[in-house]
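No value in this document is a laboratory result; all are computed from the given coordinates. Note that the structure is a prediction, hence the values are computed from the model and not measured. Cβ atoms come from the backbone with ideal geometry, glycine included; neighbour counts cover every protein chain shown.
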Amino acid sequence: MTDTARADRVIGDILSRIHAAIREHDITYEEYQTAKQWLIDVGEAGEWPLFLDVFVEHAVEAQVFGDRKGSQGTILGPYHLPDAPVLDPPHELPRRPDEEGDRVMFSGRVTDDQGRPIQGAELDVWHADAKGLYSGFDPSLPPGILRGKVLTDAEGRYEVRTILPAPYTIPEDGPTGALVHAAGWSPWRPAHIHVIVSAEGHEPLVTQLYIDSSDYLDNDVANAVKPELIVHPRPQEGTDELTFTYDFALARERAAATV
Ligand code: BEZ
Ligand code: FE
């Protein structure tokens, strides 16, 4: 199908569905003007990435990767920064000297989808702090904390030390938050650690690990929780750390799309 034919079909279908909703819900001119102003406000506030990642990305991820081999992925979200440093052992994410939050160590293996270990796979890890804030996005945090990249060893093993993040709300003071409140929805995301696992010849895996004790696992505003992604940090005898394990299996790179 040509690009024009696909645009005609897809955009035409989206518009038809909007027209059907207007008829079904008997939309008034007042509501139309409110929606128009809200769309303008989202653009002016720079919240299109936020809005799309909260309400749309999960459906795209499920559609694109629904039949992928290997580990489950989920949404990327808007808070990834690509230039985090590769960390030296002992692979501790940078943090403030007085960083709040329970210490945690997680470890596991990166393999291909046949269980063969992948040496030199990269785990790009980032997460919110114990107040639910992300460095690089909330100016009260030092830049670069709670972000870093870790490489696997010859057996495909990795180990990361950090603190447990807290659940957080999506920003509530802008138009996306206004929409959530107008509809009476919860603005919360459960506590999670983001990871992108990548290795040559394999599909990058964009995923999140959800802390089993977190609130909102069954009411995530971004609809991104999957049961396979829930992890179980537990106290480790003889240390003040919680620990959990998680193995990642990467699918082989898809053949280049044929036109
Ligand atoms: C996140 O996981 O960081 C996220 C995802 C969607 C919207 C906002 C944040
Ligand atoms: Fe997040």
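In this label model, E100 and H19 are separated by 5.3 nm, measuring between points 7 Å along each Cα→Cβ vector.
Projecting the alpha carbon convex hull of region 1-64 along each direction and taking the average yields 6.0 nm². Ranked for footprinting exposure by Cβ neighbours inside 10 Å, fewest first, Y29, Y79 give Y29, Y79. A simple count of charges around W126, restricted to other residues whose Cβ falls under 15 Å of its Cβ and scoring Lys, Arg +1 and Asp, Glu -1, yields -3. The rule of thumb for compact globular proteins, 2.2 N^0.38 Å, goes into the C-alpha radius of gyration of region 124-194 1.40 times. When each of the peptides 197-203, 61-67 is scored by how many other beta carbons lie within 10 Å of its residues on average, the order from highest to lowest is 197-203, 61-67.
The trypsin sites (Lys or Arg not before Pro) of region 32-92 meeting both criteria, a DSSP state outside H, G, I, E and B (loop) and at most 14 other C-beta atoms within 10 angstrom of the site's C-beta, are K69. Divide the volume of the convex hull around the Cα atoms of region 1-121 by the residue count and you get 252 Å³ per residue. With the gyration tensor restricted to C-alpha atoms of the chain, the semi-axes of the equivalent ellipsoid amount to 36, 25, 16 Å, longest first. Inter-label distance, K36 to D215: 4.0 nm, where each label sits 7 Å from its Cα along the C-beta direction.
Can you tell me the FRET efficiency between D153 and Q114 if r is taken as the Cβ-Cβ distance and R0 is 25 Å, rounded to the nearest 0.05? Calculated transfer efficiency: 0.85. One decimal place: the segment T28-M1 gains 6.0 nm when fully extended, by the rule 0.36 nm per residue minus the C-alpha distance.
In this simple spin-label model, placing a label point 7 Å from the Cα along the Cα-to-Cβ direction at both A130 and F65 gives a separation of 3.0 nm. May I ask you to list, by number, the DSSP H helices of the chain whose Cα span along the axis is at least 24 Å and whose average Kyte-Doolittle hydropathy reaches -0.5 or more? Qualifying helices, which must be both long enough and hydrophobic enough, are 3-24. Working note: Karplus 6.51/-1.76/1.60 with θ = phi - 60° gives region 119-130 the couplings 7, x, 5, 10, 10, 9, 10, 8, 6, 6, 7, 6 Hz, where Gly and Pro are set to x. Within region 176-215, the ratio Rg/Rh, alpha carbon atoms throughout and Rh by Kirkwood, equals 1.21.
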